[in-house]
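Reviewing the structure listed below.
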């Protein structure tokens, strides 16, 4: 079982999940990532036909055509970092620490039945199904009064933390909201109270007016490298004009967003071939009425370097690529494979 432990020095919860050490790893025996890409794995648990190798399906999104193949498949993580825990939520003191027993869900979303390894390879149907799955799973969790917050994330390629090569995302949802998320939301609230606009919308509007860090826009969404980017080529994607909660996006908006993010990843991979990257979806906690002042947004960033001592010790990031140069490079990068 997952063991939540409170660190009073850093003011944060830590999850002790020893079962995670048993996860399979596609990359352990490979000399290089290229070696793995060349070898198609008939035993891949996420490929079509190998569904029995994963936990029972929670949801599936089918092709519009007739062959009955799923496009996107959702199931519980076989090696979860958190557990349902019978719906229990309570804390106890352990000396200067605290121990928490909290409700959680840890799900896998596989975005293609074929052995694909990046967003850039997904078809229109697959990208539509994937983003509908993201929206629908978060909507379901948002309607559960026992749950507080969900983080949807993608680790693509081993340097970004992936242990399975086949493209997939994860949703980790718990009945607590971490201190980092609470601080982010509190800062957004303070900004709104001082300026009567949510901070993400204010940033997006400023980036549009400045122009030097905007990568591209669609009718409803914008992508830019933020002025104070923590990492090289960090890309923020958000909805224009405030928009809806992520889990209230329409099918058309979801389709537009998915294709837009696929295009951005293609640009990134043309600029940085085979780059490992992460994608994070930032949303407000479910139990806080933050619609006015906290706008959902996506962050995509390649793993160009690991944080070192100064970053770990201070939380201040050193970025070797100016966002103006990163945006210009991505803006001019081809958007086709």
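The values are calculated or read from the model by the stated rules, or taken from the named source; none is laboratory data. Predicted model only: the values in this text are computed from it and were never measured. With ideal geometry, Cβ positions are generated from the backbone for all residues, glycine too; neighbour counts draw on all protein chains shown.
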Only one of (1) over 19 Å from residue 262 (Cα atoms); (2) at pLDDT 95 or above does not apply to residue 130, and that is (1)
Of all residues in the range 144-176 being surrounded by fewer than 20 Cβ atoms within 10 Å (Cβ to Cβ) and touching a helix residue (DSSP H, G or I) at 6+ places or on another chain (Cβ under 9 Å), the one that is farthest from residue 274 (Cα to Cα): 146
So residue 318 ticks every box in (1) closer than 27 Å to residue 187 by Cα; (2) in contact (Cβ under 8 Å) with a residue 24 or more places away in the chain; (3) part of a loop (DSSP other than H, G, I, E, B) but one. Which box is left unticked? (2)
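Does residue 285 count as more than 21 Å from residue 204 (Cα to Cα), assigned to a loop (DSSP other than H, G, I, E, B) and in contact with a helix residue (DSSP H, G or I) (Cβ under 7 Å, 6 or more places away or on another chain)?
Values: more than 21 Å from residue 204 (Cα to Cα): yes; assigned to a loop (DSSP other than H, G, I, E, B): yes; in contact with a helix residue (DSSP H, G or I) (Cβ under 7 Å, 6 or more places away or on another chain): yes.
It is true that residue 285 is more than 21 Å from residue 204 (Cα to Cα), assigned to a loop (DSSP other than H, G, I, E, B) and in contact with a helix residue (DSSP H, G or I) (Cβ under 7 Å, 6 or more places away or on another chain).
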Scanning the range 73-119 for residues that are outside any loop (DSSP other than H, G, I, E, B), in contact with a strand residue (DSSP E or B) (Cβ under 7 Å, 6 or more places away or on another chain) and over 30 Å from residue 264 (Cα atoms) gives 85, 90, 91, 92, 97, 98, 99, 100, 101, 104
Output for the range 88-109, where each listed residue is under 17 Å from residue 47 (Cβ atoms) and in contact with a helix residue (DSSP H, G or I) (Cβ under 9 Å, 6 or more places away or on another chain): 109
So is residue 278 on the phi > 0 side of the Ramachandran plot, touching a residue at least 12 places away in the same chain (Cβ under 8 Å) and not in a helix (DSSP H, G or I) or not? no
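Go through the range 238-256 residue by residue and tally those that are closer than 21 Å to residue 130 by Cα and either free of Cβ contacts under 8 Å to residues at least 60 places away in the same chain or out of contact with any helix residue (DSSP H, G or I) (no Cβ under 6 Å at 6 or more places or on another chain) (or both). Full working, then the answer.
Of all residues in the range 238-256, those closer than 21 Å to residue 130 by Cα come to 238-239, 243-256.
When the remaining residues are screened for being either free of Cβ contacts under 8 Å to residues at least 60 places away in the same chain or out of contact with any helix residue (DSSP H, G or I) (no Cβ under 6 Å at 6 or more places or on another chain) (or both), the result is 239, 243-246, 248, 250-253, 256.
Counting residues in the range 238-256 that are closer than 21 Å to residue 130 by Cα and either free of Cβ contacts under 8 Å to residues at least 60 places away in the same chain or out of contact with any helix residue (DSSP H, G or I) (no Cβ under 6 Å at 6 or more places or on another chain) (or both) gives 11.
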Hey, could you check the range 251-278 for residues that are surrounded by 21 or more Cβ atoms within 10 Å (Cβ to Cβ) and farther than 16 Å from residue 221 by Cα and say which is nearest to the chain's Cα centre (by Cα)? 277
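Which one of these is modelled with pLDDT under 95, surrounded by 19 or more Cβ atoms within 10 Å (Cβ to Cβ) and under 18 Å from the mean Cα position of the chain (by Cα): 223, 284?
On the way: 223 fails: modelled with pLDDT under 95.
Selected residue: 284, the only one of 223, 284 that is modelled with pLDDT under 95, surrounded by 19 or more Cβ atoms within 10 Å (Cβ to Cβ) and under 18 Å from the mean Cα position of the chain (by Cα).
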